[in-house]
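Peer 1: Sharing a structure with you now.
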Amino acid sequence: MFLNKKALKKFIKTIFWSFGYRIDRVPFVKKSKDELLNSLVGKYHIFLTGDSQLPLYLRNPMYSTNLPRLVKVLNQKYQDLIMIDVGANVGDTVALTKSVCDIPIVCIEGGQDYFNILKKNIVQFKNIYAFQYFFGDKNGSIGSKLVKNNETARIINSDPRDKGTAIQVITLDNFLELNSKFKNAKILKIDTDGYDLKILRGGINYIGETKPVLFFEYDTVYFLEQKDSGIDMFKRLESLGYSDIIFYDNGGKIIISCKLGDHLLLRQLDNYIDKDFRTPFPYYDVAVFHEEDTDIADLFVKNEMMFFYNNYE
């Protein structure tokens, strides 16, 4: 029995998906990375780098929509809600969030090229504040370099013999000392391709005092490159009173919600992502809630279950 054309396409896509690959039919348009691409992101048109894969990613209707949904629920409790967006890139998170909930957003982007585009994109919004900084776990110069990968960039340790590769960084705590009007921001989003844990450590005073909801990229391969441990960070957050966590795959689909006290489960999830890319996706996005926001965590999990599966209990 032969499969018809439609069934054959579905079968092939299923086979590729089982190995962690997704097939999409898209028009081939070759653009220079220096050429700006005008694209609809959420409800807004913004400029992207010419080599950006974001339009392709957004073909997945779940991609990066979890954070805006979280912001909307959190805004019901905190009507003066402010978000800090570390690794703002060109402002795609701003566009997606503003499409759902009009809150003030503090954008932090260190890369000069991305920051220039970010400034172009945010002129259409109100209450957006942009700062060009690299954040880390200490203030000063670090022996690292910025490596670009298509539309993103990440900080990696440089060879000590390389000259002129130092990067100036400051801590989130230091930034908030200089910009105290943002110190009560109740949601912190970080997406810095492996530098996320260092940024969390550099903002530990703010995190301990303000107790924001944390939304960050959890990439164990990049953490290992930085000699960092996600499990150690979970324990640190638990010691500060954080209690609930939600894991998503990198496509934006919910995987599981649990307690930070479930150390075995967290270790299993941490081990699931490995350097040999034997998993269907390369990293998690995680949302972490302080015990003072258990009500928000419970409500949001319920909403997410209804959003994805139309069921809760």
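The numbers here are math on the coordinates, done by the rules we state, and not lab data. These numbers were taken from a predicted model, which means no experiment stands behind them. Using ideal geometry, Cβ is built from the backbone for each residue, glycine included, and neighbour counts are taken over all protein chains shown.
Peer 1: Rounded to the nearest Å, what's the spacing between the alpha carbon centres of the stretch 68-141 and the stretch 251-299? Just the number, please.
Peer 2: Centre-to-centre distance over Cα atoms comes out at 23 Å.
Peer 1: Here's another thing I want to ask about it. Starting from the Cα of residue 138, step 7 Å along the direction of its Cβ; do the same at residue 225; then give the gap between the two resulting points in nm.
Peer 2: Distance between the two pseudo-spin positions: 2.2 nm.
Peer 1: I want to check the label-to-label distance for residue 177 and residue 268. Put each point 7 Å from Cα in the C-beta direction and report it in nm to one decimal.
Peer 2: Calculated label separation equals 4.3 nm.
Peer 1: Name the shape class, rounded, prolate or oblate, that the alpha-carbon gyration tensor gives for the stretch 29-309, where a ≥ b ≥ c are the square roots of its eigenvalues, rounded holds for a/c under 1.5, and otherwise prolate holds if a/b is larger than b/c and oblate otherwise.
Peer 2: Here the stretch 29-309 falls in the rounded category.
Peer 1: While we're looking at this one, here's another question. Between residue 129 and residue 168, what length in nm is gained on full extension when 0.36 nm per residue of separation is reduced by their alpha carbon distance?
Peer 2: 12.0 nm is the gain from fully extending residue 129 to residue 168.
Peer 1: By DSSP, what percent of the beta bridges with both residues in the stretch 29-309 are antiparallel, rounded to the nearest 5?
Peer 2: For the stretch 29-309, the DSSP antiparallel bridge percentage is about 65.
Peer 1: In a shell of Cβ-Cβ distance under 13 Å around residue 279, excluding residue 279 itself, what net charge do Lys and Arg (+1) and Asp and Glu (-1) give?
Peer 2: -3
Peer 1: Using the Cβ atoms and a cut-off under 12 Å, what net charge is assigned to the surroundings of residue 299, where Lys and Arg are +1 and Asp and Glu are -1?
Peer 2: -1
Peer 1: Compute the FRET efficiency between residue 35 and residue 295 as 1/(1 + (r/R0)^6), taking r as their Cβ-Cβ distance and R0 = 51 Å, and round to the nearest 0.05.
Peer 2: 0.60
Peer 1: Next question, about the same structure. Take residue 239 and residue 259, extend 7 Å from each Cα along the Cα→Cβ direction, and tell me the distance between the two endpoints in nm.
Peer 2: Roughly 2.0 nm, to one decimal.
Peer 1: Over 18 Å between Cα atoms, which of 253/302; 183/259; 72/183; 98/189; 198/259; 186/235 qualify?
Peer 2: Violating the 18 Å Cα-Cα cut-off are 183/259; 72/183; 198/259; 186/235.
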